[in-house]
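The values are calculated or read from the model by the stated rules, or taken from the named source; none is laboratory data. No experiment lies behind these values; they were computed from the predicted model shown. A quick note on method: Cβ atoms are made from the backbone with ideal geometry, for glycine too, and the neighbour counts reach across all protein chains shown.
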């Protein structure tokens, strides 16, 4: 259901987890930033004290980062915790529309509160193995507009996971007044440079029915610390605060986040890395037989594959200690797609070379016999 299961992968590959080159979890390979590591070290003596229950320093840092009043921001134990509270609200509505294929944790959170669901499939995932069949994000949003329901909820993510499609803020805005509650997961939005981001954070003040979820762990490579935040109307966030356990964010996570948010050099380094590394990975995958990478605006690629992905995944693990994310948990994709994170240029090349060898073996085993 989720990438990054290195213990499982190492068991299959017969090696230690540290030997696995992980392309299954879409985490920034350049981090964690040194500024965050330094903040962790400095904050160790603070472990003897409880965290500030209001997280004023962290919320202030996020407030400055987004130029929003502090009352509109709520940190959480990863964006997964905040998705839980958003799902609790969505479950009070007669129906929630969910774009699919969708991140598996959406189903977990919505099912926990028995939220009535209407799945709305994205177009472009048919059997034609070419990226040309990927529909325009605008077309998908136009279909949502036709389903507008002032009593229903809407849950989408942008950029979309697992496809990497980017919806424009201009295209999403007309949907906001047409639904009772709109939750937008922007977990991967910060991988886009500020000039190209399509975030709707600025719209939250004008739309009390809008919730934005953000993650700090993917961009800053801190998934082990568990830290995300929600941006929404203060009344809604106060309600969520009453629902959840106290001190959901630990002292070290808060300290690392404050330091990382101020690390503009690391942010720029990440944007510079991604543009080059993603282009290299797309080009390398596109040259391999049976593989068709789809266009992506995120730090990962969805790849259409003409052979069994589970078999490909196992061969990559056992022969090259490389882990890719199969898409079997996405019913719309099944065994015909895999997702890979964009890593460093050298690591990307190791993946391309490993895939080339595995695919070459497949071709040699399935060539017609000569008369």
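What the table shows:
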quantity	calculated
Tally of residues being under 15 Å from residue 229 (Cβ atoms) and more than 19 Å from the chain's Cα centre (by Cα) across the stretch 256-288	2
Selection status of residue 18, assigned by TED's automatic domain parsing to the domain that holds residue 164, surrounded by fewer than 18 Cβ atoms within 10 Å (Cβ to Cβ), within 26 Å of the chain's Cα centre (by Cα) and assigned to a helix (DSSP H, G or I)	no
Qualifying residues in the stretch 155-170 (those that are without any contact (Cβ under 8 Å) to a residue 60 or more places away in the chain, outside any loop (DSSP other than H, G, I, E, B) and crowded, with 19+ Cβ neighbours inside 10 Å) - the one farthest from the chain's Cα centre (by Cα)	156
Residue among 310, 318 that alone is within 26 Å of residue 122 (Cα to Cα) and at pLDDT below 95	310
Failed criterion for residue 54 (all others in (1) crowded, with 19+ Cβ neighbours inside 10 Å; (2) more than 17 Å from residue 261 (Cβ to Cβ) hold)	(1)
Residue within the stretch 1-10 that is in contact with a helix residue (DSSP H, G or I) (Cβ under 8 Å, 6 or more places away or on another chain), surrounded by 19 or more Cβ atoms within 10 Å (Cβ to Cβ) and part of a loop (DSSP other than H, G, I, E, B) present	no
Number of the exception - residue 354 against (1) exposed (fewer than 14 other Cβ atoms within 10 Å of the Cβ); (2) in contact (Cβ under 8 Å) with a residue 12 or more places away in the chain; (3) more than 24 Å from the chain's Cα centre (by Cα)	(1)
Verdict on residue 301 being under 24 Å from residue 5 (Cα atoms) and assigned to a helix (DSSP H, G or I)	no
Conditions (1) crowded, with 18+ Cβ neighbours inside 10 Å; (2) closer than 27 Å to residue 212 by Cα; (3) in contact with a strand residue (DSSP E or B) (Cβ under 6 Å, 6 or more places away or on another chain): number failed by residue 94	(1)
Residue, farthest from the chain's Cα centre (by Cα), within the stretch 197-234, restricted to residues that are free of Cβ contacts under 8 Å to residues at least 12 places away in the same chain and more than 21 Å from residue 260 (Cβ to Cβ)	206
